[in-house]
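Structure first, then comments.
The values are calculated or read from the model by the stated rules, or taken from the named source; none is laboratory data. What you see is a predicted model; the values in this text were computed from it and never measured. With ideal geometry, Cβ positions are generated from the backbone for all residues, glycine too; neighbour counts draw on all protein chains shown.
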Amino acid sequence: MNKKTVAAFISYAASIPLANWMIDHIGTQSFPGGPHTIPVGFGYDAPSGTLMIGIALFARDLIQRTAGTKTAFFAIGIGTLLSFIVANPALATASVVAFALGELADLIVYTPLQKKRLVLAVVASGFIGGIIDSLIFLQIAFGSTQYWQGQVIAKTAVALVAGAFIYHSRRNAYDN
């Protein structure tokens, strides 16, 4: 594996347990047994680990871009396993199901777009994967989709930042 793939893989693997830890420890807990939340803009809150899942979606795209689809599927498997290992049982189940389905949706959207429209692929796949992950996770973990809008806002913001980063990186590469 090249350095970019290794860095993306480490970022990906670290973001999953960190997201689960944050949901249990960082932010305000609005109701007993509920997630710890943070403000994400436009008057919405989201579980605090949401930003890390946005990073995971982007890192998974990078893994696929630099090492291929098989390595991306392997990374999804590792991420799913880590999710189950580090979280409490209820959170782990929600995280595993939502993470796996959200990541697969991200991969399905990203794959056909990435060769011709990389920035669109990163933003669109992050957006779609984020919606699926958010709705499934919240329903399974907390029996409510109360924070789905905040989660989608946060994950979309990360996808937009990732898209801008790629756009500027590629533009600078062409200018040099």
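Among the numbered criteria (1) modelled with pLDDT under 90; (2) aliphatic (A, V, I, L, M); (3) in contact with a Leu (Cβ under 8 Å, 6 or more places away or on another chain), which single criterion is violated by I85?
Result: I85 passes all but (3).
So A100 passes all but one of these: (1) surrounded by fewer than 18 Cβ atoms within 10 Å (Cβ to Cβ); (2) more than 20 Å from Q139 (Cα to Cα); (3) within 13 Å of the chain's Cα centre (by Cα). Which condition number does it fail?
Failed condition: (2).
Tell me which residues, restricted to region 132-176, are touching a strand residue (DSSP E or B) at 6+ places or on another chain (Cβ under 7 Å), in a helix (DSSP H, G or I) and surrounded by 17 or more Cβ atoms within 10 Å (Cβ to Cβ).
Matches in region 132-176: G150, Q151, I153, A154.
Is at least one residue of region 94-102 farther than 18 Å from H36 by Cβ, touching an Asp or Glu at 6+ places or on another chain (Cβ under 8 Å) and at pLDDT 85 or above?
Yes - at least one qualifying residue is present in region 94-102.
If a residue has to be exposed (fewer than 13 other Cβ atoms within 10 Å of the Cβ) and within 13 Å of S15 (Cα to Cα) to count, how many in region 61-90 make the cut?
0
Given the conditions (1) more than 13 Å from Q151 (Cα to Cα); (2) over 13 Å from the mean Cα position of the chain (by Cα), and given that T37 satisfies all but one, which numbered condition is not satisfied?
Of the numbered conditions (1) more than 13 Å from Q151 (Cα to Cα); (2) over 13 Å from the mean Cα position of the chain (by Cα), the odd one out for T37 is (1).
Please tell me if Y167 is farther than 12 Å from L57 by Cβ, modelled with pLDDT of 90 or more and among the hydroxyl-bearing types (S, T, Y).
yes
Look at T50 and say whether it is over 14 Å from the mean Cα position of the chain (by Cα) and either at negative phi or modelled with pLDDT under 90 (or both).
The answer is no for T50.
Residue check, T111 against (1) under 28 Å from F31 (Cβ atoms); (2) surrounded by fewer than 16 Cβ atoms within 10 Å (Cβ to Cβ); (3) polar (S, T, N, Q), all met but one. Which one?
Single failed check for T111: (1).
Could you check region 24-41 and list, in sequence order, the residues that are at pLDDT below 90 and touching a helix residue (DSSP H, G or I) at 6+ places or on another chain (Cβ under 8 Å)?
First pass over region 24-41, keeping only residues at pLDDT below 90: 24, 30-34.
Passing the criteria: D24, G33, G34.
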